[in-house]
Amino acid sequence: MKIELAGNFPLSAAGRDFVTEQAERKLGRFESRIRQADITIDDINGPKGGSDIRCLIRARLNRLPDVVIEETAETVGAALHALDRAVHSITRIVEKRRSRRRRGDQLQLAEPRIA
């Protein structure tokens with residue numbers, strides 16, 4: 001899984017490492033399913049202040065639709081809640097795919113009844 005970090009919010013090297021480590025830790029269980037995770041952290045309001053840190057996560061999944069999550073908060077740490085939401089969305093997509101496959105296998109195994 002490749003993790004790309006971008007955006008106009010000034011992050012120190014330690015801040016970039018923190019964001020990358022959080023992404024690897026939280027998305028790591030889907031490593032075989034995620035081709036790339038793009039994380040964009042932007043300061044929406046600039047020097048005005050307020051809830052203005054936006055974290056946009058785009059997880060590009062293998063043979064499944066992309067997951068795009070956006071979170072806006074006052075701090076980068078709070079905006080990284082988007083990672084938890086991304087994990088939840090990816091889990092739902094993967095489970096839905098598994099249940100469809102199981103249902104499809106069961107339907108194919110059943111023999112048609114002739115009356």
* Could you tell me whether Ala23 is closer than 29 Å to Val94 by Cα and either among the hydrophobic types (A, V, I, L, M, F, W, C) or crowded, with 16+ Cβ neighbours inside 10 Å (or both)? => yes
* Asked: buried (at least 17 other Cβ atoms within 10 Å of the Cβ) and among the β-branched types (Val, Ile, Thr): does that describe Ile44?
  -> no
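Return yes or no: is Leu11 touching a strand residue (DSSP E or B) at 6+ places or on another chain (Cβ under 8 Å) and in contact (Cβ under 8 Å) with a residue 40 or more places away in the chain?
Values: touching a strand residue (DSSP E or B) at 6+ places or on another chain (Cβ under 8 Å): yes; in contact (Cβ under 8 Å) with a residue 40 or more places away in the chain: yes.
The answer is yes for Leu11.
Results for (1) among the small types (Gly, Ala, Ser); (2) at pLDDT 95 or above, shown as yes or no for each residue.
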{"site": "Ser32", "(1), (2)": "yes, no"}
{"site": "Ile39", "(1), (2)": "no, yes"}
{"site": "Gly50", "(1), (2)": "yes, no"}
{"site": "Ile57", "(1), (2)": "no, yes"}
{"site": "Glu74", "(1), (2)": "no, no"}
{"site": "Ala78", "(1), (2)": "yes, no"}
* Taking strands (runs of 3 or more DSSP E) that do not extend beyond region 1-87, which have at least 1 residues that are under 21 Å from Arg98 (Cβ atoms)? -> 34-43, 53-61, 67-73
* Go through (1) over 23 Å from Val94 (Cβ atoms); (2) under 10 Å from the mean Cα position of the chain (by Cα) one by one and return the number of the condition Phe9 breaks. => (2)
* Structure fact -> Note: among Ile53, Ile34, just one is in contact (Cβ under 8 Å) with a residue 40 or more places away in the chain, more than 18 Å from Glu71 (Cβ to Cβ) and within 20 Å of the chain's Cα centre (by Cα), namely Ile34
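The values are calculated or read from the model by the stated rules, or taken from the named source; none is laboratory data. Every value quoted in this text rests on a predicted model; they were computed, and no experiment measured them. Cβ atoms come from the backbone with ideal geometry, glycine included; neighbour counts cover every protein chain shown.
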